[in-house]
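K.L.:
Sending over a structure as structure tokens; questions will come in a sec.
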Amino acid sequence: MRKTLDQLISWTGLILAVVLLAAGGLLMYASNFVHQNVEDQLSQQKITMPAVDRLETQAQKDALAQYAGQQMTTGDQAKAFADQYILVHMNASSDGRTYEEVSGEYMQMAKDPSANADEVKALGDLRQSLFMGNALRGMLLNAYAFGTMGTIALIAGIGAFIASGVLLVLSFFGFRHAKQVNDFAPEDITNQAPARV
């Protein structure tokens with residue numbers, strides 16, 4: 001009975017180890033695929049991270065100084081640039097107003113026949129600038145999201161390989177133990193003479 005149980009558990013562990021090994025391989029492939037695509041897409045944009053002397057605030061320096069002068073190729077670079085460079089400049093130019101707010105102001109002012117034409121044009125230019133900034137930020141933050149998923153897949157793949165290795169070792173010891181155990185039938189145990197006291 002014990003031998004059969006050991007073998008059953010060991011075979012189950014071995015099957016799980018093979019499944020985890022396959023899952024780990026797929027996760028590593030997915031991680032590599034995602035990271036390569038993020039790098040390819042960002043490289044095609046030919047964005048150079050700003051030099052240190054172009055960073056104005058301490059938050060910008062903390063986020064961007066490590067990437068200064070590099071070509072953008074990773075999701076982490078993309079997020080830092082989107083949040084600490086593009087957004088900072090957008091907020092500075094619009095006094096913290098969003099694209100939707102500026103667009104609403106522009107549309108209202110454009111309908112006013114008594115509005116100053118130069119102010120309408122300036123507001124329209126700001127609206128266009130914020131639209132372009134939002135579009136670029138959206139692209140960069142998508143790259144960051146996919147890069148993060150690639151990193152998660154990498155960690156999960158490594159975890160699957162480790163778990164597979166542990167199960168393989170345990171299965172090996174389980175099979176080895178099963179060879180050393182005699183498999184008695186229940187009637188064999190009941191037919192044994194009682195131990196003398």
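The values are calculated or read from the model by the stated rules, or taken from the named source; none is laboratory data. Computed from a predicted structure; not experimentally measured. Every residue, glycine among them, receives a Cβ derived from its backbone with ideal geometry; neighbour counts consider all protein chains shown. In case anyone asks, the SASA skips ligands and DNA or RNA and just uses the protein heavy atoms, side chains included. Shrake-Rupley method; radii C 1.70, N 1.55, O 1.52, S 1.80 Å.
K.L.:
Size of segment 122-171 along its principal axes in angstrom, Cα-based, largest extent first?
P.N.:
Over segment 122-171, Cα extents along the principal axes are 72, 8, 7 Å.
K.L.:
Here's another thing I want to ask about it. Which lysines, if any, have their Cα less than 16 Å from the Cα of LYS111, not counting same-chain residues under 8 positions apart?
P.N.:
Partners within reach: LYS121.
K.L.:
Given segment 35-105, report the % of alpha carbon pairs whose separation exceeds 18 Å.
P.N.:
Above the 18 Å cut-off, segment 35-105 has 45 percent of its Cα pairs.
K.L.:
Consider just the alpha-carbon atoms of segment 27-73 and return their Rg together with their Dmax, both in angstrom.
P.N.:
13.7, 41
K.L.:
Same structure, new question: Please report Rg (one decimal) and Dmax (integer) in Å for the Cα set of segment 1-79.
P.N.:
Cα radius of gyration and Dmax of segment 1-79 are 23.5, 75 Å respectively.
K.L.:
What's the carbon and sulfur percent of the chain's accessible surface, probe 1.4 angstrom, rounded to a whole number?
P.N.:
Answer for the chain: carbon and sulfur cover 62 percent of the accessible area.
K.L.:
Can you return the aspartates and glutamates within cross-link range of LYS3? Criterion is Cα-Cα under 17 Å, with same-chain partners fewer than 8 residues away left out.
P.N.:
ASP183, GLU187, ASP188
K.L.:
Give me D for the chain in µm² s⁻¹, whole number, from Stokes-Einstein with Rh from the Kirkwood sum over alpha-carbon pairs, 20 °C and 1.002 mPa s. Kindly include the intermediate steps, with their values, before the conclusion.
P.N.:
On the way: Rh = 22.4 Å.
The diffusion coefficient I find is 96 µm²/s.
K.L.:
Counting only heavy atoms of the protein chains, get the accessible area per residue of the chain (1.4 Å probe) and round it to a whole Å² value.
P.N.:
Dividing the accessible area of the chain by its residue count gives 66 Å².
K.L.:
Return the FRET efficiency for the residue pair MET107, ALA22: r is the Cβ-Cβ distance, R0 is 45 Å, and the value is rounded to the nearest 0.05.
P.N.:
0.20
K.L.:
Considering only GLY13, TYR67, ALA78, whose Cα is most displaced toward the positive end of the charge dipole of segment 1-78, charges sitting on Cβ of Lys, Arg (+1) and Asp, Glu (-1)?
P.N.:
Positive-most Cα among the choices belongs to GLY13.
K.L.:
Turning to a different aspect of this structure: Which lysines does LYS79 reach when only Cα atoms under 16 Å apart count, and residues fewer than 8 places away in its own chain are ignored?
P.N.:
Straight-distance partners of LYS79: LYS46, LYS61.
K.L.:
Using only Cα atoms, tell me the angle between helix 117-180 and the longest principal axis of the chain; keep it within 0 to 90° and round to the nearest 10.
P.N.:
Taking Cα atoms only, the helix is inclined about 10 degrees.
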